[in-house]
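Novice: Have a look at the structure that comes next, please.
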Amino acid sequence: MEARAFFKYTLEIIAEIKNGGENQKENNRRSKITVEVRMSKLTVAGIGPGEADYILPAVIEKMKKAHTVIAAKRVLPVLEELCQDVSDSASVLQHDSTSFFAMGKIKDTLEQIGKILSEGHDVVMAVSGDPLMYSLYRTICNDPISENWDMDIIPGVGSLQMLGAAFGETMEDALIVSVHGRAKTAGSIALAVTEHPKVFFLCSKEQGPAWLSRIMLDYQLDNVTVCAGANLSYEDEILASGTPADMVKKEFPSLCVAMIKNPSPRQIVRPCFLSDEDFERDKTPMTKEEIRILILHKMKLHPDDVVWDVGAGTGSVSIECARQVPFGTVHSVERSETAVKLIYKNKEKFSADNLTVYEGDAAETVAKLPEPDKVFIGGSGKEMSQILETIAAFPKKIKVVISAVTIETIAETNELLEKYDPDFDVIQATVGRGRKIGSYHIMDTNNPVMIFTAYI
């Protein structure tokens, strides 16, 4: 029942009630009436590369019946032309005409859609590729403005599918990575390629096929094949493939896609832990191997993590981290000149090329470091508060592990972490080492160490 008819009927019922004209039979009849009030709907429709041949009939039918179609300016002429054919009676517009608008800033576009929907009209948002693959659909869903919207999706042919088809490559064994609008480290790219037979990339202007090829060369992945495409399905389509050395020289438009094939993928296995005796030590305090194992267990490093080691001492934790993150980076901060020299010696000894050493005060130095994934604080130089403030300023939550021995440091850490993560974890570890006296053995016990773990 249309809304206008329902409203008229409701007024008639009210009038009858006022006049005393209702009876039990009529009440029973009315109780069985189901009123259907149609909700306006937003359809997020994938239109593939934007060529008419790749736009599904279901999308065309939705657009013909919609009040408004919103799409990128470059594809509006194609969509308008497709909607002009209304010879099929099933496709006749339900209104005088469909309005076509070019998509603007996402915030403004969503507000425009909300207004049209509130007026009881259907909207089609036509997006390139597939709405379910790094597209606007997730953005729409995550915006509070769409909380009560009625939405459906029509999938489309994505650019990665087009690339796979161009080179005859299937996607079921592939990893999909987007660097378009998302900062990715070179290490994370190299790790992905190392561990997978195929990796498909949605590229950006700065991070395109040449950039990917340079990373392959830097990480000695020169046996892979780099494939790239742009303007897929259009007359000016660009396709190219070759070794990283070949592809690093080729230029592509900012909106392009790439695929890297690795003929011999392998899982990265992290090396075993080191013993204290393996390190250059001198008289600088060092986190003992049993405590290091606990610290590294709490950090749960990923091979491409960016790690800070603050108050690094001899660099024992830094070295362990560098070995655990072969595709990541470790930034070691230490203010003691003597300790810094030891860190450099250990860096050279273990060929830790992904380790960078900084000499200086902790708070001042960490303020200049790249955004970390994990942080270990073994010494703060009484600057724990400033260090944690710097970490908390990053947009994402960062895992922080802190070791503390003195009562003062334990008390300060406990108080500060209550502010950032009230559910922080803490353990106490005491290591005893056997020592022989005559024919007997006794245990020499080190000071207990408190290990805090929090997300800041």
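Novice: Restricting to segment 276-326, give me the number of residues that are touching a Pro at 6+ places or on another chain (Cβ under 8 Å) and small (Gly, Ala, Ser).
Specialist: 1
Novice: Restricting attention to segment 368-412, report how many residues are surrounded by fewer than 17 Cβ atoms within 10 Å (Cβ to Cβ), free of Cβ contacts under 8 Å to residues at least 24 places away in the same chain and farther than 30 Å from LYS184 by Cα.
Specialist: Of the residues in segment 368-412, 5 are surrounded by fewer than 17 Cβ atoms within 10 Å (Cβ to Cβ), free of Cβ contacts under 8 Å to residues at least 24 places away in the same chain and farther than 30 Å from LYS184 by Cα.
Novice: Given the condition of a type in the set (D, E, K, R) and more than 30 Å from VAL405 (Cα to Cα), answer yes or no: does some residue in segment 258-277 qualify?
Specialist: yes
Novice: So, in segment 191-237, exactly how many residues are more than 14 Å from VAL257 (Cβ to Cβ), charged (D, E, K, R) and out of contact with any strand residue (DSSP E or B) (no Cβ under 9 Å at 6 or more places or on another chain)?
Specialist: 5
Novice: So for segment 162-177 (the condition being surrounded by fewer than 20 Cβ atoms within 10 Å (Cβ to Cβ) and under 17 Å from the mean Cα position of the chain (by Cα)), does at least one residue qualify?
Specialist: At the first step, the residues of segment 162-177 found to be surrounded by fewer than 20 Cβ atoms within 10 Å (Cβ to Cβ) are 162, 165-176.
Checking the rest, the ones that are also under 17 Å from the mean Cα position of the chain (by Cα) come to 175-176.
Yes, some residue in segment 162-177 is surrounded by fewer than 20 Cβ atoms within 10 Å (Cβ to Cβ) and under 17 Å from the mean Cα position of the chain (by Cα).
Novice: Does segment 340-396 hold any residues that are closer than 26 Å to ASP282 by Cβ and among the charged types (D, E, K, R), and which are they?
Specialist: Result: LYS341, LYS345, LYS347, GLU348, LYS349, ASP353, GLU359, ASP361, GLU364, LYS382, GLU383.
Novice: Restricting to segment 341-359, and then to whatever is part of a loop (DSSP other than H, G, I, E, B) and out of contact with any Gly (no Cβ under 9 Å at 6 or more places or on another chain), can you tell me which residue is nearest to SER403 (Cα to Cα)?
Specialist: PHE350
Novice: To continue, here is another question. Return the residues of segment 231-260 that are surrounded by 19 or more Cβ atoms within 10 Å (Cβ to Cβ) and within 24 Å of the chain's Cα centre (by Cα); say none if nothing qualifies.
Specialist: Residues satisfying the conditions are CYS256, VAL257, ALA258, MET259, ILE260.
Novice: May I ask you to list the residues in segment 276-326 that are aliphatic (A, V, I, L, M) and either closer than 11 Å to PHE376 by Cβ or assigned to a loop (DSSP other than H, G, I, E, B) (or both)?
Specialist: Across segment 276-326, the qualifying residues are MET286, ILE295, LEU296, MET299, LEU301, VAL307, VAL310, ALA312, VAL317, VAL325.
Novice: So which residues in segment 411-442 are within 24 Å of HIS297 (Cβ to Cβ) and of a type in the set (A, V, I, L, M), if there are any at all?
Specialist: Matches in segment 411-442: LEU416, LEU417, VAL426, ILE427, ALA429, VAL431.
Novice: Here's something else I'd like to know. Tally the residues that are more than 25 Å from LEU136 (Cα to Cα) and surrounded by fewer than 17 Cβ atoms within 10 Å (Cβ to Cβ), restricting the search to segment 180-230.
Specialist: 8
Novice: Among the residues of segment 325-337, are any farther than 15 Å from TRP308 by Cα and without any contact (Cβ under 8 Å) to a residue 60 or more places away in the chain?
Specialist: Within segment 325-337, one or more residues are farther than 15 Å from TRP308 by Cα and without any contact (Cβ under 8 Å) to a residue 60 or more places away in the chain.
Novice: Right, here's the next one. Tell me whether segment 327-340 contains one or more residues that are assigned to a helix (DSSP H, G or I) and surrounded by 15 or more Cβ atoms within 10 Å (Cβ to Cβ).
Specialist: Scanning segment 327-340 turns up at least one residue that is assigned to a helix (DSSP H, G or I) and surrounded by 15 or more Cβ atoms within 10 Å (Cβ to Cβ).
Novice: Output yes when any residue across segment 252-275 is outside any loop (DSSP other than H, G, I, E, B), touching a residue at least 40 places away in the same chain (Cβ under 8 Å), of a type outside the set (Val, Ile, Thr) and over 24 Å from ALA192 (Cα atoms), and no when none is.
Specialist: As a first pass, look at segment 252-275 and keep what is outside any loop (DSSP other than H, G, I, E, B): 256-261.
Okay, now just the ones that are also touching a residue at least 40 places away in the same chain (Cβ under 8 Å), so 256-261.
Checking which are of a type outside the set (Val, Ile, Thr) leaves us with 256, 258-259, 261.
Filter once more, keeping what is over 24 Å from ALA192 (Cα atoms): none.
No, every residue in segment 252-275 fails to be outside any loop (DSSP other than H, G, I, E, B), touching a residue at least 40 places away in the same chain (Cβ under 8 Å), of a type outside the set (Val, Ile, Thr) and over 24 Å from ALA192 (Cα atoms).
Novice: Select the strands (runs of 3 or more DSSP E) contained entirely in segment 1-110, then report the ones holding at least 1 residues which are touching a Pro at 6+ places or on another chain (Cβ under 6 Å) and at pLDDT 55 or above.
Specialist: Hits in segment 1-110: 42-46.
Novice: A further question follows. Can you tell me which residues in segment 160-205 are in a loop (DSSP other than H, G, I, E, B) and hydroxyl-bearing (Ser, Thr, Tyr)?
Specialist: THR170, THR185, SER204
Novice: Residues in segment 113-129 that are hydroxyl-bearing (Ser, Thr, Tyr) and either in a helix (DSSP H, G or I) or at positive phi (or both): how many?
Specialist: Looking only at that region, the number is 1.
Novice: Something else now. Please indicate, with yes or no, whether at least one residue in segment 171-194 is in contact (Cβ under 8 Å) with a residue 12 or more places away in the chain, closer than 29 Å to PRO77 by Cβ, in contact with a Leu (Cβ under 6 Å, 6 or more places away or on another chain) and assigned by TED's automatic domain parsing to the domain that holds LEU217.
Specialist: Yes, that holds for at least one residue.
Novice: Any idea how many residues of segment 218-244 are free of Cβ contacts under 8 Å to residues at least 12 places away in the same chain and closer than 17 Å to GLY48 by Cα?
Specialist: Number of matching residues: 3.
Novice: Could you run through segment 396-422 and say how many residues are more than 32 Å from the chain's Cα centre (by Cα) and of a type in the set (D, E, K, R)?
Specialist: 2
Novice: Does ILE319 fit the bill of being under 21 Å from VAL400 (Cβ atoms), crowded, with 24+ Cβ neighbours inside 10 Å and touching a Phe, Trp or Tyr at 6+ places or on another chain (Cβ under 6 Å)?
Specialist: On the way: under 21 Å from VAL400 (Cβ atoms): yes; crowded, with 24+ Cβ neighbours inside 10 Å: yes; touching a Phe, Trp or Tyr at 6+ places or on another chain (Cβ under 6 Å): yes.
So ILE319 passes the test.
The values are calculated or read from the model by the stated rules, or taken from the named source; none is laboratory data. What you see is a predicted model, and the numbers here were worked out from it, not measured in a lab. FYI the Cβ positions are ideal-geometry reconstructions off the backbone, even for glycines, and counts take in every protein chain you see.
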